[in-house]
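Some notes on the structure that comes next.
The values are calculated or read from the model by the stated rules, or taken from the named source; none is laboratory data. Predicted model only: the values in this text are computed from it and were never measured. Cβ: placed from backbone, ideal geometry, glycine included. Neighbour counts: every protein chain shown.
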Amino acid sequence: MSAQRVLVAYGSKAGATAGIAEEISRTLQADGFDTVVLPADVVTDVSGYDAVVLGGALYAGHWTGKARRCARRNAKQLRERPVWLFSSGPIDSSAEQHEIPPVRGVARRMEKLGARGHMTFGGAVTAETSDPVARAMVSRGKGGDFRNPERIRTWAHHIGSELEAAR
Ligand SMILES: Cc1cc2nc3c(=O)[nH]c(=O)nc-3n(C[C@H](O)[C@H](O)[C@H](O)COP(=O)(O)O)c2cc1C
């Protein structure tokens, strides 16, 4: 049987969410899936994939526009296949301590797409960012990288096992 093809798409402004998407992809690949990672703004057709994982960075309580528009643009095809959503956000350890539910817009999107699940991962704001607000956060000591590769891999394995079970 050929490997299932999984698209991991991300809406990122400063790269942290892209890094999470890459980690998810690497994990699924190690689990035997054929994966492709793409920025959300170039995704116009998901018909060639058996499943899709779509993530967005959170800014002021919303997914970045690239992720929102990707979900909207591909809604019909996304509804026809297994979909998982993730958000990258908190610049603290809160995502480690308890499961953070999706923000309202993402919860609505989950319903519309019939998404199988959602996870909020800690985000990152580092000195490399070009965003002036983010730079100000870093200079006030409020930045950091709160992405936890182990948590990301655990969630990706969970997606992999659900896809295998549904085969
Ligand atoms: C101006 C600004 C606003 C933010 N707003 C939120 C927010 O509302 N909720 C949240 O969890 N994280 C928030 N964050 C943290 C980002 O979501 C986090 O840094 C994310 O990982 C960035 O992803 P990216 O590098 O892919 O753009 C904010 C960061 C900045 C710089």
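Residue count for segment 51-81 satisfying the condition of being buried (at least 22 other Cβ atoms within 10 Å of the Cβ), under 22 Å from residue 34 (Cβ atoms) and away from the ligand (no atom under 12 Å from the Cβ): 7. Within segment 32-45, is even one residue more than 9 Å from the ligand (Cβ to nearest atom), in contact with an Asp or Glu (Cβ under 9 Å, 6 or more places away or on another chain) and either of a type in the set (Ser, Thr, Tyr) or outside any strand (DSSP E or B) (or both)? Yes, some residue in segment 32-45 is more than 9 Å from the ligand (Cβ to nearest atom), in contact with an Asp or Glu (Cβ under 9 Å, 6 or more places away or on another chain) and either of a type in the set (Ser, Thr, Tyr) or outside any strand (DSSP E or B) (or both).
Among the residues making up segment 82-109, those that are touching a strand residue (DSSP E or B) at 6+ places or on another chain (Cβ under 6 Å), part of a loop (DSSP other than H, G, I, E, B), of a type outside the set (A, V, I, L, M, F, W, C) and surrounded by fewer than 22 Cβ atoms within 10 Å (Cβ to Cβ) are 82, 102.
Of the residues making up segment 82-96, those that are of a type outside the set (D, E, K, R) and either at pLDDT below 95 or within 14 Å of the ligand (Cβ to nearest atom) (or both) are 86, 87, 88, 89, 90, 91, 93, 94, 95.
Against the test of being of a type in the set (Gly, Ala, Ser), assigned to a loop (DSSP other than H, G, I, E, B) and over 14 Å from the mean Cα position of the chain (by Cα), the options 161, 130 yield a single qualifying residue, 130.
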